[in-house]
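Data first, discussion second: the structure below is written as structure tokens.
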Amino acid sequence: MTHAWNQLLPRLQELADLNSTAALLYWDQAVLMPPKGAAGRARSTATLESIAHNRLTDPAIGELLNELAAEDSLEESQRATVRILKREYDRATKLPDKLVKELAQVTGVAYQAWTEAKPISDFAAFQPHLEKIVELKKEQADAIGFERERYDALLDMYEPGMTSTEVEAMFSQLTEGLAPVVDAVLGRAREDHEFLRGEYNDGAKEQLCRWLVEQLGFDTEGGRLDTSPHPFTSGIGLGDVRQTTRYANVGLMESLYAAIHETGHALYEQGLPAEWRDLPAGQVPSFGLHESQSRMWENQVGRNRCFTDWLLPHLKELFENELGTATPEEFHRAVNQPQRSLIRVEADELTYNLHIALRFELELALFRDELAVADLPDAWDEGMEKHLGVRPKSHAEGVLQDMHWSIGIQGYFPTYSLGTLYAAAFFAKAESELDGLTDDFRKGDTSRLLEWLRSNIHSKASLYEAKDLAEKVLGGPFSATPFVDYLKDKYRELYDLSI
Ligand code: CO
């Protein structure tokens, strides 16, 4: 251990503790906190964040990082930590305090305005707030700096190392590859599965989800499953990974597939190396990578015919009346039912990425100064027509549907699509290395897949940037092809199509 490293380590441990405490406060706010606690909680989290920000931007950290950059005896995890911390330190120190505070304040008000504007479809009421946010985000991107494209500075916060040129190439490959599949499948798929709309007892749904997440490998001694209106997963700290799903006012499939999705996130967090818990190198490298795990468990596992064949009899034990007559084939088709939806969060595997492609195009145009906020609603509606062949009747189901822009996380949307593409590519690789992998699913056995993910992805944490890790795992460059092939195979079989 070097002298500089020994000085840096306690600072990293303190930062990890501050972040862990903030994560616990957020979890509590989403799961347990009574509504009247909101104002007090907002202040507590702001205080914690400002302490963490001060610790991170301490000039002593910059000096230690410079010393460490010149060291050649560092271990792999130390080198990765220096790389990641330097990025965070540079970004945090480049941003003027005034801008940070203004963004926090403007987004706080804008989020409130969005919650009021959305139900009444009033884009005009939200427009001035969004204009201010876009202006501040441009300032933020310019302060951070970028090589070719302003948007890259924003994207980099969520998907380090990824550029908009790469994302653009990915989406054009994706939309071109998908277009014939989407047309063929949506022309054919018009089934109505009554059991999808049935009333399922919330207590029984909970019993089912608790059982299932453990079946998939979620360690309940090192984690919890709770409920919240928007399912999420948070790695609070070592031995404490918390996921949520929801039961009230949603169908059985929503509860179930949210739990499988979040279990994918939670298994990733539980598989990170304990010895690196305090190091930036010990975290998940990007949002896209995190999402790759949730999507893989939800889709490549959860919607696979072998898996649904195993699952259905277990569901029938609890829901004899509701599901008694559903055949394995019907059930599999029902959980893979595609449709032209206006709403991103309701979209299926086939059309989901088209929703993201639209958002990415609009964000890019905004930050290239090619589109004004005032023109967003029209651009949105035209884009929906182009990508999905449907037109929103109101802004509530159009440009106002997502909260992301109101809270200032422009540049985040592409990580959702990267997640689905990584998931398909990783799963294809796992299948090529593990003989008869999906046959395991017929017995509800996903342990070989989990082991493969543990050794190839989870245990590597942030030793490499996400796309470098992906290349190592895949043994070559990452592309949209495995995802398009996966969908073609699936729907060819489901609807007897020649695609
Ligand atoms: Co997710």
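Taking the criterion of being more than 17 Å from residue 264 (Cα to Cα), touching a residue at least 40 places away in the same chain (Cβ under 8 Å), away from the ligand (no atom under 16 Å from the Cβ) and not assigned by TED's automatic domain parsing to the domain that holds residue 132, would at least one residue in segment 409-420 satisfy it?
Yes - at least one qualifying residue is present in segment 409-420.
In segment 461-494, what residues are within 19 Å of the chain's Cα centre (by Cα) and without any contact (Cβ under 8 Å) to a residue 60 or more places away in the chain?
Residue satisfying the conditions is 478 alone.
List every residue pair whose Cβ atoms sit under 8 Å apart, with the two residues 6 or more apart in sequence or on different chains, where the first one lies in segment 331-349 and is in the same structural domain as residue 389 (by TED's automatic domain parsing) and the second, anywhere, is among the small types (Gly, Ala, Ser) and at pLDDT 95 or above.
Cβ pairs passing all conditions: 335/302; 342/398.
Out of everything in segment 206-233 that is among the aromatic types (Phe, Trp, Tyr) and within 16 Å of the ligand (Cβ to nearest atom), what residue ends up being nearest to residue 272 (Cα to Cα)?
Filtering first and then ranking leaves 218.
Quick check on my filter: what residues within segment 292-326 are of a type outside the set (S, T, N, Q) and within 16 Å of the ligand (Cβ to nearest atom)?
Hits for segment 292-326 are 295, 296, 297, 298, 301, 302, 303.
In segment 149-262, which helices (runs of 4 or more DSSP H) lie fully inside it and hold 1 or more residues that are modelled with pLDDT under 95 and buried (at least 22 other Cβ atoms within 10 Å of the Cβ)?
164-188
Looking only at segment 459-480, count every residue that is under 15 Å from residue 159 (Cβ atoms), assigned to a helix (DSSP H, G or I) and at pLDDT 95 or above and tell me the total.
The number of residues fulfilling the criteria is 5.
How many residues are polar (S, T, N, Q) and outside any helix (DSSP H, G or I) when one looks only at segment 303-314?
1
Listed residues 91, 79; which is basic (Lys, Arg) and under 22 Å from residue 276 (Cα atoms)?
79
Which residue pairs have Cβ atoms closer than 8 Å, lie 6 or more positions apart in sequence or on different chains, and pair a first residue in segment 143-167 that is touching a residue at least 60 places away in the same chain (Cβ under 8 Å) and at positive phi with a second residue that is of a type in the set (D, E, K, R) and outside any loop (DSSP other than H, G, I, E, B)?
161/467; 161/468
In the list 239, 203, 217, which residue meets the criterion of being within 24 Å of residue 326 (Cα to Cα) and assigned by TED's automatic domain parsing to the domain that holds residue 456?
The unique qualifying residue is 203.
Search segment 112-142 for residues being without any contact (Cβ under 8 Å) to a residue 40 or more places away in the chain and of a type in the set (D, E, K, R), and hand back the single one that is farthest from residue 343 (Cα to Cα).
142
Quick check on my filter: what residues within segment 68-92 are touching a residue at least 40 places away in the same chain (Cβ under 8 Å), within 25 Å of the chain's Cα centre (by Cα) and closer than 13 Å to residue 8 by Cα?
Within segment 68-92, 81, 85 meet the criteria.
Scanning segment 5-42 for residues that are among the polar types (S, T, N, Q) and in contact (Cβ under 8 Å) with a residue 12 or more places away in the chain, which turns out farthest from residue 63 (Cα to Cα)?
Looking at the filtered set, the residue picked out is 29.
Would you check which residues across segment 237-263 are polar (S, T, N, Q) and out of contact with any Leu (no Cβ under 6 Å at 6 or more places or on another chain) and list them?
244, 245, 249, 255
Go through segment 279-291 and give me each residue that's surrounded by fewer than 21 Cβ atoms within 10 Å (Cβ to Cβ) and either more than 12 Å from the ligand (Cβ to nearest atom) or free of Cβ contacts under 8 Å to residues at least 24 places away in the same chain (or both).
283
The values are calculated or read from the model by the stated rules, or taken from the named source; none is laboratory data. Quantities reported herein were computed from a predicted structural model and do not represent experimental measurements. Neighbour counts are summed over all protein chains in view; Cβ atoms, including those assigned to glycine, are modelled from backbone coordinates with ideal geometry.
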